[in-house]
Each structure stands twice: as C-alpha cells, then as structure tokens.
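In what follows, a structure is listed as structure tokens, so that the remarks can point back to it.
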Ligand SMILES: [Zn+2]
C-alpha cells in the first residue's frame, strides 16, 4: 500500500490528522511550524524509519504548507540530504 493512502499522524503529538494537515501543526505546534530547522529533524526521522526521500519531502510539505522544492533546497543548504 502506498504511503499516500495511509492515515497521517502528527509527528509531535501523535493525533490522526485531517486535511489539510498543516493546519494542525500551525495551530497546535506553532513553535515547530515557524521554524524550518524542524524540517531537518523530521526528514532524518522519516528516512530513519525507512521512508524514501520523495515521500519524506511530500509528507513534510503537507505538514508545513510548503512546496517540496522549498523543503528540498532548505535541506540541501542545511547539508541534510
Ligand atoms: Zn500534533
């Protein structure tokens, strides 16, 4: 089953998320939502559990209402890719 078809859970408090996913993060975890540095940790966590790069970028883009390109270039600049 593709990850896209699975339920999404908040990486910070574990609740099941509804579309659009970023609204939960913005409302409940504004400190995380406002800091791009949190993308690095999240990306490393997702890669660590075996998610591939493209899926990781997609999930992060949905959680933070950012484009995958924006996230990828930030991670590249942070030397995290
Ligand atoms: Zn949460």
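What follows is calculated from the coordinates using simple rules that are stated; it is not laboratory data. From a predicted model like this one, the values you see are computed outputs, not experimental measurements.
Comparing 23, 35, 44, which has the greatest mean-square fluctuation in the GNM of the chain with Cα pairs linked when under 10 Å apart?
35
When only C-alpha pairs under 8 Å and at least 6 residues apart count, what is the relative contact order of the chain, in percent? Write out the running numbers ahead of the final one.
Working: 61 pairs, mean separation 20.3, N = 81.
Relative contact order of the chain: 25 percent.
Based on the alpha-carbon gyration tensor of the chain and its eigenvalue square roots a ≥ b ≥ c, which shape applies: rounded if a/c is under 1.5, prolate if not and a/b is larger than b/c, or oblate?
On the way: a/c = 1.65, a/b = 1.14, b/c = 1.45.
The shape class here is oblate.
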